[in-house]
Every structure is written in structure tokens, then in C-alpha cells.
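Worksheet: the structure to be examined is printed underneath.
The values are calculated or read from the model by the stated rules, or taken from the named source; none is laboratory data. None of these values were measured; they are calculated from a predicted model. Heads up, the Cβs are rebuilt from the backbone with ideal geometry, glycines too, and the neighbour counts pull from every protein chain shown.
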Amino acid sequence: MRFGLILLLATVLLITGCPAKTSPDSDGDSPTATNEGRGIPESWKIGEAMEIEDVMLKTSDGVEIAASFRPAAGNAEKLPAMVCVHMLGKTRQDYKSLTKQLSEIGIASLAIDIRGHGDSKMGGKIRYSSFSDKQWNECVKDVNAAIGWLLSRDNIDKRFLGLIGASIGANFVIKAGSRREVKIVVALSPGLDYHGVQIEKDAAKINNKPVYVVVTDGDKYSFETATKLAQVMQKQVEIEIIHERDYHGTEMFRIPAFQEGLIRWIGNHLGDMHREALTEEDLAKKKGKEGTVKGSSK
């Protein structure tokens, strides 16, 4: 497992066509950012992606959160999982391609529609456009509800959960990132303050966990935020700066090979943690059996 601050200042990802122009908290009018058709290497896969199961979650304040659960491929009884949180104005569908690839490498996922978005309900339809700063901060409860739902599943290894969020969704996962069950955090284009959702103090609380922050240098506010997070979080954060691009949040999925690199990072951290734990458990069981055999032969 690799820790430490990485500033990839020389990274230049080339892309055909003109990059989209976005503001730090875009209202989501641009097309859904998908990466359909760009698969991961066959050697990474442990099986075919599982089908999605749509579910409804209940938050601590009674909001109904629409979510899509995709189990992990593989034969293990309990596998790690990621919670996926979209940008402002978007929905859980932005993560459909990513969750497919996570499933193929043995990681389950739960992508949610935060309150005011998609199919989620608050005693009827209430759009995010009318939210106060207080209501935006309450969206962290949606992430906590997703974590709680995964913890209730028998086929999820409750010790190994990760969070990924984009734009204001990145702020939500950083605020939830200090929870004990959370082992990794991925933040795509976070902002120090999006609609009153401030993250500097919460980022400082995330100790000894891999955190991956990705921004483009043309997205000035997120770029400045990444610089500040590098100072606040120090050793546990890795920061990647994609140069000569101004994509924001999940719009970075349009960059060739970006999603593949994201899958690699998650697999190298959450996946490796899980495999190491299973290996240690197998060794402990083996030693236990050997001790029992020796004891019974006396």
C-alpha cells in the first residue's frame, strides 16, 4: 500500500475535441459523463459484472434515497464495496460504467441519488435548486445511509468500504471519510466550500487512510482546493493534477484512460487491503489448526 503526497505536475492527458467549460458547482445541464465502451484490461477481471439492483434507503431524517447496488463478481463470501456520490444536478447514472468495472475486479458498489436529485424523495419531489446551505449539509446523511445499508448486507466485508464523490459529492464523502468503516476516499474536483459544505476541518480528521484527489488545472477552484488539502492532510493524500484540461467532477470520465486509472487506484488500495486481510486470516487459521494437531498428539 502506497502513502504520501504525489503531485503529478507533469501529467498531460491528451483528448480529441474541445473540453467542456464548467463552473465549480455546475447545475448539471451538460450531458451525462459516461465512459461506455472503454473496458479495463481482461487480466484485471475476476469475473463478469453483476446486474444492478435498484433499492430505496432511508436516512436518519426520513428522506428516501434512491440507489443502485451492484454486487461484486467473484466467489468470495464477503467482498469490499464503494459508495458513489454524484455531482450537483446529476444522478447515480453517472457511475454506471465505473460500477460495472468495479464489479469485474471484485468490488461491490452502491451509487446513490442525493436528496433533491434523481429518484430520491423528501415527502414528495423537492429540487436541489431551492436548498439552503443547511439543507446541502444534510446531504451527508445520505452518504451515511448508504454506508449503513452496505453494513447490513451479508455479502459485504464491513471492514473494507470506500467512498467516491464528485464536485459537491466529493465534499460529502470527505465529510464522511473519518468514519471507522471507511478505508479509502476518492474526491473528484472537491471545493473548500460548495454551497456552505466546507471540508477543510473534516479533511484534517481523516487519518492514516489513502485519499485520492483528482482535479484539472483549468478548474481553478478545485485546483486551489487540492493545493490546500495537500497542506491540511499531508502524508495520507495523493493529488493528481490533469494538465491542460478544465473538466469538472465526473466529466473527467470523458478523458481516455482516466476511468481505467481510477479503477487501478481503487483496486491497488481497497482491493489490496482486502486481499491482505484474507491472507492474514488464512495464515492464522492454518497456525490454529497446526497448534490443535500438535496439542492433541501429546
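Annotations for the structure displayed:
- Taken over segment 141-193, the criterion of being of a type in the set (Phe, Trp, Tyr) and modelled with pLDDT of 95 or more is satisfied by 149, 172.
- Residue match in segment 219-228 (condition: closer than 18 Å to residue 99 by Cα, at pLDDT 95 or above and aromatic (Phe, Trp, Tyr)): no
- Qualifying residue in segment 242-265 (condition: part of a strand (DSSP E or B), at pLDDT 80 or above and in contact with a Leu (Cβ under 6 Å, 6 or more places away or on another chain)): yes
- Any chance residue 101 is closer than 27 Å to residue 247 by Cβ, modelled with pLDDT of 95 or more and surrounded by fewer than 19 Cβ atoms within 10 Å (Cβ to Cβ): no
- Residue that is touching a residue at least 24 places away in the same chain (Cβ under 8 Å) and either buried (at least 21 other Cβ atoms within 10 Å of the Cβ) or in a strand (DSSP E or B) (or both), where the choices are 72, 76: 72
- Total residues in segment 107-135, condition surrounded by 22 or more Cβ atoms within 10 Å (Cβ to Cβ) and of a type outside the set (Asp, Glu): 11
- Any hit, segment 125-144, residues being among the polar types (S, T, N, Q) and within 30 Å of residue 272 (Cβ to Cβ): yes
- Only a single criterion out of (1) among the hydrophobic types (A, V, I, L, M, F, W, C); (2) over 20 Å from residue 274 (Cβ atoms); (3) over 18 Å from the mean Cα position of the chain (by Cα) is not satisfied by residue 76, namely (2).
- Residues that are touching a residue at least 60 places away in the same chain (Cβ under 8 Å) and surrounded by 24 or more Cβ atoms within 10 Å (Cβ to Cβ) were ranked within segment 217-244; the one that is nearest to residue 267 (Cα to Cα) is 237.
- Filter pass, residue 206 being buried (at least 21 other Cβ atoms within 10 Å of the Cβ), within 22 Å of residue 109 (Cα to Cα) and under 18 Å from the mean Cα position of the chain (by Cα): yes
- Hits in segment 36-68 (condition: over 20 Å from the mean Cα position of the chain (by Cα) and either of a type in the set (A, V, I, L, M, F, W, C) or closer than 22 Å to residue 260 by Cβ (or both)): 37, 41, 42, 43, 46, 47, 48, 63
- Counting the residues of segment 60-104 that are out of contact with any strand residue (DSSP E or B) (no Cβ under 6 Å at 6 or more places or on another chain) and hydroxyl-bearing (Ser, Thr, Tyr) gives 3.
- Test: residue in segment 146-158 that is surrounded by 23 or more Cβ atoms within 10 Å (Cβ to Cβ) and acidic (Asp, Glu): no
- From the list 26, 30, 43, the one residue that fits, being among the hydroxyl-bearing types (Ser, Thr, Tyr) and either buried (at least 17 other Cβ atoms within 10 Å of the Cβ) or modelled with pLDDT of 90 or more (or both), is 26.
- Residue check, residue 167 at positive phi, surrounded by 18 or more Cβ atoms within 10 Å (Cβ to Cβ) and among the hydroxyl-bearing types (Ser, Thr, Tyr): yes
- Any chance residue 57 is in a loop (DSSP other than H, G, I, E, B) and either of a type in the set (A, V, I, L, M) or free of Cβ contacts under 8 Å to residues at least 60 places away in the same chain (or both): no
- Residues that are assigned to a loop (DSSP other than H, G, I, E, B) and more than 18 Å from residue 251 (Cα to Cα) do not occur anywhere in segment 79-100.
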